[in-house]
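Here is the structure we will look at.
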Amino acid sequence: MLPRLLEALSERGSMVELQKSNQRGIASSCTLHTGLLADMKRFQWRQGDFHWDSGAETIVLSITKRDFARKQKTIELIDYEETPEATALRAEMSHLNRALREAQFTFVDDGGPPVITAHRDLIRHFKIREGEKPRFELGGRIFNGWWQAIPSHRRHAIRINRQPIVDLDISSAFLRLAYIEAGLSPPEGDLYSRVQRLDAASHRDGIKRIISAMLFRETPLTRIPSDIGAQLPRGVTGSEVRAAILSAFPEIADIFETGIGLRLMFTESQIMMRILSGLIDIGIPAMPMHDGIMVQRSAQEVAVKTMTEAAADITGHRLPITLKNIS
């Protein structure tokens with residue numbers, strides 16, 4: 001329905017201008033018509049004159065289909081029957097979104113492009129595999145917050161209750177959850193730094209992405225994905241990367257390449273929901289990321305305690321919390 005609506009508005013020539021793409025992998029784009037922009041300027045409309053209507057679906061279920069021959073990926077939304085589980089999940093998101101709508105989330109001018117802070121309603125996105133019946137046991141990450149699209153170098157301009165924020169996350173979350181899934185206690189320290197054969201200090205981001213890919217895939221890694229190659233040592237092969245990672249984590253080597261990633265992501269999302277609800281109960285608004293949160297600076301100590309306890313409640317292990325640098 002949305003493409004038809006945009007086409008109709010574009011044809012009228014007064015609201016939006018639609019640039020349709022016929023190339024696979026390249027999205028169509030839509031911009032405001034110059035006449036509408038002129039009207040907005042003339043009437044001096046500001047951010048506060050716009051708002052988002054609530055009521056959209058907050059529990060989304062989809063399946064990802066891949067065409068490896070064409071190197072294409074499509075996401076197909078799944079229509080599911082209403083069940084007590086789906087109702088409970090939706091009620092949980094409603095409770096979270098009500099608190100976020102009332103929170104004082106702002107973004108101070110940092111000289112960059114303007115940031116629209118009105119959109120607060122989040123969605124929780126679950127996955128199923130091809131051939132499976134609808135269920136809510138895979139994925140479950142939270143999306144749609146305006147702050148999730150803010151690059152790390154601009155996060156210093158985010159304010160909660162007029163205070164600068166701190167960015168907290170669960171250290172080496174996916175790897176630690178993999179250890180727990182294997183029935184083991186996660187080691188201490190920065191787990192990604194153990195991959196010394198790939199010079200972990202200089203190629204941390206690439207190593208993290210490869211490890212994540214090896215937890216999601218179900219076949220041995222033989223080639224480095226093209227979008228990750230620049231983040232790894234020059235000339236290294238997929239087989240060498242795979243061997244380096246498996247040798248760095250021998251205790252869980254057999255859990256890699258078993259397609260466990262979506263299950264780990266579900267556990268991660270359960271921890272996140274427990275953290276957010278715990279903070280809401282004590283009046284602390286938080287901006288969820290995927291494996292962490294941003295809170296006002298004065299709430300750092302309470303937030304760390306809440307995160308640690310939430311992880312222990314869900315996994316039985318007290319996972320370490322890291323304070324990320326905000327440039």
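What is segment 264-327's relative contact order, in percent, from Cα pairs under 8 angstrom and six or more apart in sequence? If you can, show how the numbers build up before the last one.
Numbers: 52 pairs, mean separation 18.8, N = 64.
Computed over segment 264-327, the figure is 29 percent.
Treating segment 217-325 as a set of equal point scatterers at the Cα positions, no solvent, please give the Debye-formula log₁₀ I(q)/I(0) at q = 0.14, 0.15, 0.19, 0.21 Å⁻¹.
-0.75, -0.81, -0.98, -1.06
Kyte-Doolittle mean at least 1.6 and Cα extent at least 24 Å along the axis: which DSSP H helices of the chain qualify?
Values: long enough: 84-102 (28 Å, -0.70); 261-281 (30 Å, 0.70).
Helices passing the filter in the chain: none found.
With a 1.4 Å probe and all protein chains kept in place, how much accessible area does residue 190 have, in Å² rounded to the nearest 10?
Surface open to solvent at residue 190 totals about 60 Å².
Of the candidates 253, 230, 27, which one comes out as most mobile in a Gaussian network treatment of the chain with C-alpha springs shorter than 10 Å?
Among 253, 230, 27, the largest GNM mean-square fluctuation belongs to 27.
Rank 240, 181, 268 by mean-square fluctuation in a GNM of the chain with C-alpha springs under 10 angstrom and give only the top-ranked residue.
Highest fluctuation of the listed residues: 240.
For segment 1-66, what Kirkwood radius comes out of the mean inverse Cα-Cα distance, in Å?
Details: mean 1/r = 0.0670 Å⁻¹.
Result for segment 1-66 stands at 14.9 Å.
For segment 146-209, which semi-axes, largest first and in whole Å, follow from the square roots of 5 times the eigenvalues of its Cα gyration tensor? The partial results should precede the final answer.
Numbers: eigenvalues 168, 56, 20 Å².
Each semi-axis is the square root of five times an eigenvalue, giving 29, 17, 10 Å.
Taking the C-alpha atoms of segment 110-186, how large are the radius of gyration and the largest Cα-Cα span, Dmax, in Å?
17.4, 49
Considering the chain as a Gaussian network with a 10 Å cut-off on Cα pairs, which listed residue, 22, 144, 161, attains the greatest mean-square fluctuation?
22
Can you list residues whose amide H is under 5 Å from residue 321's amide H, if they're 5+ apart or on another chain and H is modeled 1.01 Å from N?
It is 171, by chain and number.
Over the chain, what relative contact order in percent results from Cα pairs under 8 Å that are six or more residues apart?
Numbers: 465 pairs, mean separation 56.1, N = 327.
In percent, rounded to a whole number, it is 17.
Roughly how large, in nm² to one decimal, is the mean projection of the convex hull of the alpha-carbon atoms in segment 177-221? Mind dumping the intermediate values first?
Working: hull surface 14.8 nm².
For segment 177-221, averaging the hull's shadow over all directions gives 3.7 nm².
What size of dipole, in debye to the nearest 20, comes out for segment 19-145 about its Cα centre when the only charges are +1 on Lys and Arg C-beta atoms and -1 on Asp and Glu C-beta atoms?
Details: 20 positive and 18 negative charges, 127 e Å.
In debye, rounded to 20, segment 19-145 gives about 620.
Ranked from the most accessible area to the least, with a 1.4 Å probe and all protein chains present, what is the order of 45, 147?
On the way: 45 105, 147 0 Å².
These residues rank, largest area first, as 45, 147.
Report ³J(HN,Hα) in whole Hz for each residue of segment 159-165, in order, from the Karplus equation J = 6.51 cos²θ - 1.76 cosθ + 1.60 where θ = phi - 60°; Gly and Pro get x.
With the stated coefficients, segment 159-165 comes to 10, 10, 6, 6, 9, x, 9 Hz.
Could you size up the charge dipole of the chain around its Cα centre, putting +1 on the beta carbon of Lys and Arg and -1 on that of Asp and Glu, and report it in debye to the nearest 20?
Numbers: 42 positive and 40 negative charges, 173 e Å.
I would put it at about 820 debye.
Could you grab the relative contact order for segment 90-184? Cα pairs under 8 Å, six or more apart, rounded to a whole percent. The partial results should precede the final answer.
On the way: 85 pairs, mean separation 27.3, N = 95.
Relative contact order, segment 90-184: 29 percent.
Binning every alpha carbon pair distance of segment 1-141 at 5 Å from zero, what are the percents per bin?
Per 5 Å bin, starting at zero, the Cα-Cα P(r) for segment 1-141 comes out as 2, 7, 11, 13, 15, 17, 16, 12, 6, 2, 0 percent.
As an exercise, take the mean of 1/r over every pair of distinct alpha carbons in segment 265-305, invert it, and state the Kirkwood radius in angstroms. Let's see the in-between values first.
Values: mean 1/r = 0.0969 Å⁻¹.
Value: 10.3 Å, from the Cα pair sum.
Segment 108-185 to segment 256-327: how many Å between their Cα centroids?
10
At a temperature of 37 °C and a viscosity of 0.692 mPa s, determine how fast the chain diffuses translationally according to Stokes-Einstein, using the Kirkwood radius over alpha-carbon pairs as Rh; express D in µm²/s, rounded to the nearest whole number.
Working: Rh = 22.3 Å.
The diffusion coefficient I find is 147 µm²/s.
Give the cross-link partners of residue 73 among the lysines, using a straight C-alpha distance below 26 Å as the criterion and excluding same-chain residues fewer than 8 apart.
20, 65, 127, 133, 208
Along the charge dipole of the chain, Cβ charges K/R +1 and D/E -1, which of 287, 243, 103 sits furthest on the positive end?
So the residue furthest toward the plus end is 243.
What percent of all Cα-Cα pairs in segment 142-275 falls in each 5 Å bin, counting up from 0?
With 5 Å bins starting at 0, P(r) equals 2, 9, 17, 20, 19, 15, 11, 5, 2, 1.
The values are calculated or read from the model by the stated rules, or taken from the named source; none is laboratory data. If you're wondering where the values come from, they're calculated on a predicted model, not measured in any experiment. Cβ: placed from backbone, ideal geometry, glycine included. Neighbour counts: every protein chain shown. Accessible surface is based on the protein model in full, side chains and every heavy atom, while ligands, DNA and RNA are left aside. Shrake-Rupley method; radii C 1.70, N 1.55, O 1.52, S 1.80 Å.
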